[in-house]
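Taking it in order: structure first as structure tokens, then the write-up.
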Amino acid sequence: MMDRDEEKLDLSGLDPVTDPRRLEAVSTLIARRAIAARARKTSLWATLVAYARWAAALSAASAAAVLFLVMSTPTAPDLQPDDPADVVVPSWAEGDAEPTADDILQVLGDAP
Amino acid sequence: MLSATEVEHLVERALAGEPESFSALARAHYRAAYCTALSIVRASADAEDVVQDAMVSAFTELESCREPARFPGWLLSIVRRAALMSLRKRGRARRVEDVAAPADEAAPASGGDVLLRGRLLAAAGSLSDRQAEVLFLHDLEGWTHPEIADALGISEVNARQILFEARKKMRARLGEADAGGVP
């Protein structure tokens, strides 16, 4: 004999949709709400993508403008001495050691 | 309950944008989702609200259901989360349905139905959420043990054991109620 606790309990009193028409109505309502929510989600995504394109285009234009300005602005004069002699000769004056002939020829640009 | 293959096809067709597939999925899983929500919120009107909102949000994020054949388990996990959120919003005050004044306008019921529902819910108050969920899915929705085990991520043996305990407690509470009036 089957144990009493193995028999199904009658829980039909808890059934939320005993009427099939009600189940149909609730299902249709859920489907409509879901389809509308999906459409909103898609359109939000499309809007974000469109904004992202504009933002990317604007960034590229700004970068190009900055690059153009940088390229067209004259650079500051080079502070490095053009001639090594401007540095080397005073150092001979400040130092105690006398320059060798090779040093002098190198400064004059005639080093071998 | 639909077969795994039928559910998989419905999910795929819904993802392809077929409106009727959403209705079919809702129709096929409404009661099961209600069983899960009711096992947590323990009030039929609240459970119906939770189910409707949870199903809409599940269908909106249907792309994140990685295994369409296992849609029922995925849906029930969303319903469970929504039901717990709903409880949290109400300050964790779980209420057993007010038998005298059910605010269930969506499902008008006769006085006898309301009393029966209140009596069953009061008896289910002695069950844990999991016991109530297994009991409702099996004895109200008619799911089999393998279906319950798959959807809830438990073993079939465990599902049987939980159902056995739940019925035992329910019968005891309903028996007490019959002997002593309203439970």
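Could you give me the ³J(HN,Hα) list for region B:59-72, computed from phi with Karplus coefficients 6.51, -1.76, 1.60 and θ = phi - 60°, whole Hz, x at Gly and Pro?
Each residue of region B:59-72 in turn: 5, 5, 10, 4, 4, 7, 7, 6, 10, x, 5, 9, 3, x Hz.
Using r as the Cβ-Cβ distance of A:GLU7 and B:GLU63, and R0 as 45 Å, what FRET efficiency do you calculate, to the nearest 0.05?
Once the sixth-power term is evaluated, E becomes 0.60.
Tell me, what ³J(HN,Hα) does each residue in region B:29-36 have, in order and in whole Hz, if you take phi through Karplus 6.51 cos²θ - 1.76 cosθ + 1.60 with θ = phi - 60° and put x for Gly and Pro?
The phi angles translate into 10, 4, 5, 4, 5, 5, 4, 5 Hz.
Between A:ALA64 and A:ALA25, what length in nm is gained on full extension when 0.36 nm per residue of separation is reduced by their alpha carbon distance?
8.2 nm
Suppose R0 equals 51 Å. What FRET efficiency, 1/(1 + (r/R0)^6) with r the Cβ-Cβ distance, do A:THR18 and A:ALA46 give to the nearest 0.05?
Between A:THR18 and A:ALA46 the formula returns 0.75.
Across region B:8-20, in residue order, what do the Karplus-derived ³J(HN,Hα) couplings come to in whole Hz, using 6.51 cos²θ - 1.76 cosθ + 1.60 with θ = phi - 60° and x for Gly and Pro?
4, 4, 4, 5, 5, 5, 5, 5, 7, x, 8, x, 4
Under the definition of partner shielding as Cβ atoms of other protein chains within 10 Å of a residue Cβ, what is the mean value for peptide A:15-26?
Average neighbour count from other chains, rounded to a whole number: 5.
Please sort by residue number the trypsin sites (Lys or Arg not before Pro) in region B:37-89 whose DSSP state is loop and whose Cβ has at most 11 other Cβ atoms within 10 Å.
B:ARG66
What distance in nm separates the simple spin-label points at B:ARG88 and B:ALA16, each placed 7 Å from Cα in the Cβ direction?
The answer from the label model is 3.8 nm.
We did not get these values from a lab; they are worked out from the coordinates using the rules stated. Because the structure is predicted, anything quoted here is derived from the model rather than measured. We place every Cβ from the backbone using ideal geometry, glycine too, and count neighbours over all the protein chains shown.
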